[in-house]
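First the structure, in the form of structure tokens, and then the observations on it.
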Amino acid sequence: MTSGILMTLQKTRLSSRPAHWDEVEIGDAVHLRRDGRVEYEGRVDNRTADGAVVWVVAEGGRRQLFHVADGFELRVADPEGALHAGN
């Protein structure tokens, strides 16, 4: 019974996340957040056409791949420095 509740919670959490990060573009400065904390930040180096996967390069040159199902919230920094949520 407990596993059924856990599966329901996992499905609910996954369904509330965006299916794609359509708004992000190559060169955008981004922050990737999980559980309310910024875990990674950098510039979008590349992305898939469907917006499901992005590659982000941190300031030190480390390149990391992120998929929408990884549980991150992607926020794009505007030129003025404000952040907005990516879809």
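The values are calculated or read from the model by the stated rules, or taken from the named source; none is laboratory data. These numbers were taken from a predicted model, which means no experiment stands behind them. As a convention, Cβ positions derive from the backbone with ideal geometry for all residues, glycine included, and neighbour counts pool all protein chains shown. Surface areas here come from the heavy atoms of the whole protein model, side chains and all, with no ligands, DNA or RNA. Shrake-Rupley method; radii C 1.70, N 1.55, O 1.52, S 1.80 Å.
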Give, as a single signed number, the net charge of other residues whose beta carbon lies under 11 Å from the beta carbon of Glu59, with Lys and Arg counted +1 and Asp and Glu -1. +1
Suppose each label sits 7 Å from its Cα in the direction of the beta carbon; what would the Arg34-Asp22 distance come out to in nanometres? 2.6 nm
Two pseudo-spin positions, 7 Å from Cα along C-beta at Glu41 and at Val57, lie apart in nanometres by 1.9 nm
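Give, as a single signed number, the net charge of other residues whose beta carbon lies under 14 Å from the beta carbon of Arg37, with Lys and Arg counted +1 and Asp and Glu -1.
On the way: positive: Arg33, Arg34, Arg75; negative: Asp35, Glu39, Glu41, Glu73.
Counting the neighbours of Arg37, the net charge comes to -1.
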Counting only protein chains, not ligands or nucleic acids, how are Asp50, Asp28 ordered by accessible area (probe 1.4 Å), most first? Asp50, Asp28
Under 13 Å from the Cβ of Ala49, count the other residues' Cβ atoms, weight Lys and Arg +1, Asp and Glu -1, and hand me the total. -2
